[in-house]
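Beneath this line is the structure, given in structure tokens, with notes to follow.
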Amino acid sequence: MTNAEIKTKLKLASKLMELHGENPFKIRGYQTAADTISDLDKELHGLTTDEIPQIEGIGKGMAANIVQLLERGSFDGMDQLLTNTPEGVVEMFKISGFGPKKIAVLWKEGGVESLDDLLRFCQQGKVAKLKGFAEKSQETLMNAVEFTISCRGYERYANVEPVMKDLLSFFENHAAVALFSETGDLRRRMETVNQMDFLVASDDFESTRKAINQNDKLEENELMSGPFSWYGYYEKCPIPVKIRFCATDHFYNTLVETTAHPRHLNATIEGERTLKTTIVEKVYPSEQAIYEAAGLAPVVPELREGEFEVELAKQNKLPNLIEMNDLKGILHNHSTYSDGRHTLRQMAEHCRDLGYEYLGISDHSQTAVYASGLQDFRVKEQQEEIKKLNEELAPFKIFSGIESDILNDGSLDYTDDILASFDFIVASVHSGLTMDITKATNRLLAAIHNPYTTILGHMTGRLILEREGYPVDHKAVIDACAERGVVIEINASPYRLDIDWRWVHYALEKGVMLSINPDAHKMEGYKDMYYGLLAGRKGGLTKDMCLNAMTLPEISKYFEGRRK
């Protein structure tokens with residue numbers, strides 16, 4: 001069990017204790033332990049049972065819980081709490097904006113024991129009559145419950161990618177498997193998936209099935225499997241695995257058909273011809289041969305959504321999508337000056353060691369008190385340190401930025417002289433997230449029209465599978481960015497991926513540049529650049545339209561031009 005998984009378990013335990021009205025000091029102890037574990041540089045599973053209690057902030061009792069978590073994935077206190085709590089009530093913890101105390105009222109006073117019960121309760125107007133609720137909070141709760149229910153059965157792509165890689169490696173090492181690939185949503189790199197789909201070509205299905213069932217990490221559901229498929233689960237993976245079998249000579253036909261979204265398969269090419277009608281005509285030796293036979297330029301899997309790519313493929317005008325080695329720097333990162341885990345020096349040196357040319361540091365601004373946002377004097381301290389580090393680390397460069405809060409009226413939370421001292425500014429909304437589309441859009445438009453805004457950060461404030469985000473008029477916001485020359489962030493955190501890739505192509509059509517930003521709060525966060533890249537590629541992002549694909553001299557000139 002990883003530190004992240006242990007943290008999640010302890011956070012859940014603290015919520016359960018709060019739900020049951022246990023001692024606040026005990027609850028705080030679990031929350032503190034979870035935060036302590038989150039900040040550790042070493043994995044707990046690599047420590048002995050004698051070393052764990054020696055960690056500052058982890059007492060003997062908590063250490064015993066952690067040891068049990070490492071041994072069996074739970075601990076005695078957690079087991080008892082879960083026994084005393086209906087499973088549906090535990091699921092209610094996923095509702096954004098409603099904590100254990102509110103859920104306790106819904107359960108103990110309202111008799112609600114599941115999300116479905118709660119949705120009906122809201123629809124019947126009964127929630128507003130409970131203590132601490134009103135008509136407005138009932139409406140907000142109903143929307144949040146509907147969103148949570150819609151997320152059931154889905155998992156973030158980043159969380160299941162290791163499983164995908166493990167299974168692909170497994171297929172590669174079995175002689176019975178001739179050809180293999182991930183397919184479906186997984187191969188199109190969708191931000192969330194509800195099933196792990198694979199395609200395996202073999203001339204001996206039963207030998208292949210036998211090999212799969214000999215994998216200790218896989219467990220078959222025979223009722224859901226069929227003569228040409230295996231269905232089951234992979235160890236600790238929350239979503240099912242489906243492995244389709246096909247004859248070796250039909251592999252590429254089947255791969256194209258199972259990868260693409262139906263819109264892509266059925267898009268009209270010429271007359272009644274579609275990709276789907278092309279597939280059934282004959283057996284093809286490659287995916288490229290199928291597209292050529294259909295009269296299309298080959299389309300990479302990420303783009304096979306039926307959005308814009310078929311028209312471009314007809315004209316042989318598909319974009320050359322951005323690659324990881326095109327990225328020259330990392331913007332929008334946090335250090336210990338605000339709520340980051342690592343120092344400015346550590347963040348800079350690690351960025352340099354990864355092969356990047358520059359780092360854009362953008363700690364939280366003064367309004368974000370909860371994140372130790374920088375007051376004026378702290379801004380000056382950081383900028384002085386940046387100057388010294390730039391002399392030492394040259395030719396690598398640190399750009400001085402800030403993630404400035406967009407206030408309720410759309411203004412940024414520093415005076416003009418402070419804003420003018422930065423190389424670039426990421427403008428983001430962090431508070432007052434409950435807005436209608438008019439208020440949210442106007443708030444963003446005001447920030448975009450501020451002459452100091454360089455990049456619009458995580459446009460909708462969404463958290464994938466957790467929070468829907470505030471509604472915005474995407475076209476109005478993108479059009480304003482085009483008018484004002486403001487860059488739009490693709491927040492690369494797999495929890496955000498905001499702006500949604502579905503709007504990237506529109507932004508590109510309007511001439512708006514995108515910036516792939518990890519929003520990293522620790523050195524390991526730089527790895528999220530990959531997930532932002534996938535989102536950008538799905539929207540058709542090219543090297544030329546990505547801000548941080550600029551070289552150091554190019555982006556230095558760009559920032560200087562913006563400041564003037």
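Taken together, the values in this text are just the output of simple stated rules run on the coordinates, not laboratory data. None of the values given here were measured: they were computed from a predicted structure. Note that we place each Cβ from the backbone using ideal geometry, even for glycine, and neighbour counts take in every protein chain shown.
Go from 0 up to the bin containing the longest alpha carbon distance in the stretch 312-360, width 10 Å each, and give me the % of pairs per bin.
22, 36, 18, 14, 9, 0
Can you give the relative contact order of the chain as a percent, counting alpha carbon pairs under 8 Å and 6+ residues apart?
About 9 percent, as a whole number.
Counting Lys and Arg as +1 and Asp and Glu as -1, each charge on the Cβ, what is the dipole of the stretch 499-550 about the Cα centre in debye, to the nearest 20?
Here the size comes out at about 100 debye.
Between residue 56 and residue 22, what is the label-to-label distance in nm when each label sits 7 Å out along the Cα-to-Cβ direction?
Using points 7 Å along Cα→Cβ, the separation is 2.6 nm.
What residues qualify as long-range amide H neighbours of residue 241, i.e. H under 5 Å apart, gap of 5 or more or another chain, H built at 1.01 Å from N?
Under 5 Å from the amide H of residue 241 lie the amide H atoms of 196, 232, 233, 234, each far enough along the sequence or on another chain.
In 5 Å bins starting at zero, report the fraction of Cα pairs in the stretch 260-318 per bin as a rounded %.
Reading upward from the zero bin: 4, 21, 34, 30, 10, 1.
In 10 Å bins starting at 0, how do the alpha-carbon pair distances of the stretch 303-389 split up by percent?
15, 34, 19, 16, 15, 2
Average the reciprocal distances over every distinct pair of alpha-carbons in the stretch 324-563, invert the result, and give the Kirkwood radius in Å. Mind showing how you got there, number by number?
Values: mean 1/r = 0.0573 Å⁻¹.
By the Kirkwood definition, the hydrodynamic radius is 17.5 Å.
Diagonalise the Cα gyration tensor of the stretch 30-83 and give the resulting equivalent ellipsoid semi-axes, square root of 5 times each eigenvalue, largest first, whole Å.
19, 13, 10
Between residue 381 and residue 416, what is the FRET efficiency for a Förster distance of 22 Å, r being their Cβ-Cβ separation, to the nearest 0.05?
FRET efficiency, residue 381 to residue 416: 0.60.
Go through 90, 112, 80 and say which Cα lies farthest out towards the positive end of the charge dipole of the stretch 73-141; charges sit on Cβ, +1 for Lys and Arg, -1 for Asp and Glu.
Towards the positive end, the residue furthest out is 112.
In the chain, with Lys and Arg counted as +1 and Asp and Glu as -1 at Cβ, which of these residues, 208, 532, 250, has the Cα nearest the positive end of the dipole, that is, farthest along it?
Toward the positive end, the furthest listed residue is 532.
Which value, to two decimals, describes the C-alpha radius of gyration of the chain once divided by 2.2 N^0.38 Å?
1.05
I'd like to know how the stretch 1-92 sits against the 2.2 N^0.38 Å rule of thumb: what's its Cα Rg over that expected value?
1.04
Can you pull the percent of Cα pairs in the stretch 122-171 with separation above 19 Å?
52
Roughly how big is the stretch 154-250's charge dipole about its Cα centre, with Cβ charges of +1 (Lys, Arg) and -1 (Asp, Glu), in debye to the nearest 20?
Taking the Cα centre of the stretch 154-250 as origin, the dipole is about 240 debye.
Semi-axes, largest first, in whole Å: what does sqrt of 5 times each Cα gyration tensor eigenvalue give for the stretch 93-152?
For the stretch 93-152, the semi-axes come out at 16, 12, 11 Å.
Want the number for residue 152 to residue 228: 0.36 nm per residue separation, take away the alpha-carbon distance, what's left?
24.6 nm
Classify the stretch 154-250: rounded, prolate or oblate, from the alpha-carbon gyration tensor (a ≥ b ≥ c, eigenvalue square roots; a/c under 1.5 rounded; otherwise prolate if a/b is larger than b/c)?
Cα axes put the stretch 154-250 in the prolate bin.
With +1 on each Lys and Arg Cβ and -1 on each Asp and Glu Cβ, and nothing else charged, work out how big the dipole of the stretch 93-152 is about its Cα centre, in Debye to the nearest 20.
It works out to roughly 200 debye.
Under a point spin-label approximation (7 Å from Cα along Cα-to-Cβ), what is the residue 449-residue 272 distance to one decimal in nm?
Taking the two extended label points, one gets 5.4 nm.
Hey, could you pull the Cα Rg and Dmax for the stretch 208-276, both in Å?
15.9, 51
How high is the relative contact order of the stretch 346-421, given as a whole-number percent (alpha carbon pairs under 8 Å, six or more residues apart)?
For the stretch 346-421, the relative contact order is 35 percent.
Which value in nm describes the separation of the simple spin-label points at residue 45 and residue 339, placed 7 Å from the Cα toward the beta carbon?
2.8
Work out from phi, with θ = phi - 60° and the Karplus expression 6.51 cos²θ - 1.76 cosθ + 1.60, the ³J(HN,Hα) of each residue of the stretch 534-543, listed in order in whole Hz, and give x for Gly and Pro.
Computed from phi, the couplings for the stretch 534-543 are 4, 5, x, 4, 4, x, x, 5, 10, 4 Hz.
Normalising by the residue count of the stretch 311-449, find the relative contact order in percent from Cα pairs under 8 Å and 6+ residues apart.
Working: 201 pairs, mean separation 27.7, N = 139.
20 percent.
More than 22 Å apart: what percent of Cα pairs in the stretch 16-168 qualify? Show your work: numbers first, answer last.
Details: 6469 of 11628 pairs.
Pairs farther apart than 22 Å: 56 percent.
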